[in-house]
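Any read-out appearing in this document is the output of simple, stated calculations on the displayed coordinates, not a laboratory observation. Note that the coordinates shown come from a computational prediction; the quantities given were computed from them, not determined experimentally. Reconstructed Cβ throughout: ideal geometry from the backbone, glycine too, with neighbour counts over all protein chains shown.
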Amino acid sequence: MRVFIVHAHPEPKSFCTAMKSAAVEEFERQGCEVRISDLYDMGFQPVASTSDFGNRVNPDYCVYALEQRHGVDTGTISADIRAELDKLLWCDLLVFVFPVFWFSTPAILKGWIDRVFVSGLVYGGKRIYDRGGLKGRRVLVGLTLGGQEHMFRPQGIHGPLEGMLKHLLQGTLAYTGLQVLPPFIGWHVPYITDEARCQLLVEWRNRVQSVQLDTPLQFPSLAEYDDRLRPLAARKNYATE
């Protein structure tokens, strides 16, 4: 199995970094080929801009998604994007490791997605969900946060964690065709004991060891919608209106 790990934490001594290192060890122990993008260590430039394109299709007005398509088609997209895109298309399993910042990903990881998930190749038109450009690959999200688990239950102060992560799990990963595995959550990490963190790392290692047995989460299939992306079950209603 070919594994691509994208790690986004600014502190090399962090628990997230320990998770990244543990994942590399466990995947390599299983005989997997592993590639890593440590975004902070790389100094990855996260801001999408016109400088991402060496040959613009429209020099006067930038429609970023269209320029992405042109850049890939002509081989003139920025070299750092091309390098990350090659790793993305190479892998069988994509792994993200990051801390939650403001109910979301760190900005550097969001910028990586903005620049590397290129239109026309990864998504676009009806190249979405189970017809997305990354179809056939799986993704595992391993994250840490300061909140406690009870805060993210249905009656918890923040509501279900699934709602907080929907923009990533569905709106980005499932949308581009990836089979999304249930995320691994490191709860309350900055505030628990060293012993608890060690146990959490053991649980993460166990999860990595058994990842091929995971059942993906369920997301929309285009087979359930018509050519205008309306639910097939509702087509009779439209016909009688």
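Figures for the structure shown
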| item | result |
| --- | --- |
| Anchor Lys126: aspartates and glutamates whose Cα lies under 17 Å away (excluding residues fewer than 8 positions away in-chain) | Glu224, Asp226, Asp227 |
| Taking Asp194, Asp52, Asp92 and counting other C-beta atoms within 10 Å, the order from fewest to most | Asp194, Asp92, Asp52 |
| Compactness relative to 2.2 N^0.38 Å, alpha carbon Rg of the chain | 1.10 |
| Whole-number percent relative contact order across the chain, with pairs defined as alpha carbons under 8 Å at least 6 apart | 21 |
| Dipole of segment 39-112 [Lys/Arg +1, Asp/Glu -1 at C-beta], most positive-end residue of Leu39, Gly54, Ser104 | Ser104 |
| Charge dipole magnitude, Cβ of K and R +1, D and E -1 - segment 67-115, Cα centre, debye nearest 20 | 120 |
| Cα-centre dipole for the chain with unit charges at Cβ (Lys and Arg positive, Asp and Glu negative), debye to 20 | 580 |
| By average C-beta atoms within 10 angstrom, highest first, the peptides 79-91, 139-151, 207-219 | 139-151, 79-91, 207-219 |
| Volume of the Cα convex hull of segment 94-174, divided per residue and given in Å³ | 100 |
| From phi via Karplus (6.51, -1.76, 1.60), per-residue ³J(HN,Hα) for segment 43-60 in Hz, x at Gly/Pro | x, 4, 8, x, 8, 5, 7, 5, 5, 6, 10, x, 9, 7, 6, 9, x, 8 |
| Ratio Rg/Rh, restricted to segment 1-126 and using Cα atoms, in which Rh is the Kirkwood radius | 1.01 |
| Positive-end residue, the chain charge dipole about Cα centroid, Cβ charges, pick of Gln212, Val3, Phe27 | Gln212 |
